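Single-structure report; data block below.
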Amino acid sequence: MLSLATANVARGLLLVCLLLTGTPAAAGGPPIVAAASDLQFALTEAAEQFQQETGHALRLNFGSSGNFRRQIAQGAPFELYLSADERYVQALYKEGHTQDEGVIYAIGRLVWLQRAGRGDLPSADAPLAGVEAALEAQASGTTERIALANPEHAPYGVAAQQALEHAKLWQPTEPLRVLGENVSQAAQFALSDDARGGLVAYSLALAPALSERSEYILIPEGWHSSLRQRMVLTNQAGEVASNFYHWLQQDEGQSILRRYGFSVE
């Protein structure tokens, strides 16, 4: 069972998601951007910088890439879509919902994240040692949760599953896993009192809001499929969304992404 604190976090994040994605844009309001939750801090900073330079605000919505892909196909009023998995963008293009196939804007990384001060951060040689320790604790009657995003619709959840499968830990951890609706929620779960840690986005581990109370180790890139993150303008995109799309591909936008651990092409 999740702790009360974890449950409260989950309810709070769910409420935020409903507020962000459940209401249409006001007529003439800022363009709505649908972005993978690993961009929560990086894209917020980018949007603030863009507004300072151009005077144009953006309405950012963060969530799982798979859920946004479905919502765009159903006509949601998003003008720009930044996915953590390029295949969702490619599928929308084939279905006729976007202006083109978009562009790769970043390559993401996966990390093992845990609360700071534990004194048992895994090494680069054994980055999933925390998972193995949680399994040993379970055998002794202690439950320590392992957090990840839901692989059914979150690309970082897929990567986490693949990393666990690589280490032959996917099946053994079934009773310990707690799934976040997206990778941002999974990061909150990973730092909760009843969790050993979790597999989440590198960009979140680097964000000041989390880095002050956590520590991490990178998961080898070869342990999971490449997190090729693609963005695209939808058929509803206007001038401001288009300008931001191109701004993110320039030096200022790319430098912000680099600071949050993304590699760029």
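Can you send over the carbon and sulfur percentage of the accessible area for the stretch 19-120, probe radius 1.4 Å, protein chains only? Reported share for carbon and sulfur atoms: 47 percent. Size descriptors for the chain: radius of gyration and Dmax over Cα atoms are 18.3, 60 Å.
Placing pseudo-labels 7 Å out from each Cα toward the beta carbon at Arg118 and Asp193 gives an inter-label distance of 1.7 nm. Across every direction, the projection of the convex hull enclosing the Cα atoms of the stretch 152-265 has a mean area of 8.9 nm².
Principal axis extents of the Cα atoms in the stretch 41-111, from largest to smallest and rounded to whole angstrom, are 35, 32, 20. A straight chain from Val264 to Glu132 at 0.36 nm per residue would run longer than the Cα-Cα distance by 44.2 nm. State the percent of C-alpha pairs, over all pairs in the stretch 18-153, separated by a distance greater than 18 angstrom. Tail of the P(r) past 18 Å holds 66 percent of the pairs.
Note on Glu252/Glu221: beta-carbon distance plugged into 1/(1 + (r/R0)^6) with R0 of 30 Å gives a FRET efficiency of 0.70.
Provide the per residue accessible area, probe 1.4 Å, for the stretch 126-233, rounded to a whole number of square angstrom.
So the stretch 126-233 comes to 38 Å² accessible per residue, rounded to a whole number.
In the chain, the DSSP-assigned H stretches of four residues or longer account for a calculated mean residue ellipticity at 222 nm of -11500 deg cm²/dmol, using -39500 (n - 2.57) per stretch and the full residue count as denominator.
The values are calculated or read from the model by the stated rules, or taken from the named source; none is laboratory data. What you see is a predicted model; the values in this text were computed from it and never measured. Heads up, the Cβs are rebuilt from the backbone with ideal geometry, glycines too, and the neighbour counts pull from every protein chain shown. Keep in mind that these areas ignore ligands, DNA and RNA; they rest on the heavy atoms of the full protein, side chains included. Shrake-Rupley method; radii C 1.70, N 1.55, O 1.52, S 1.80 Å.
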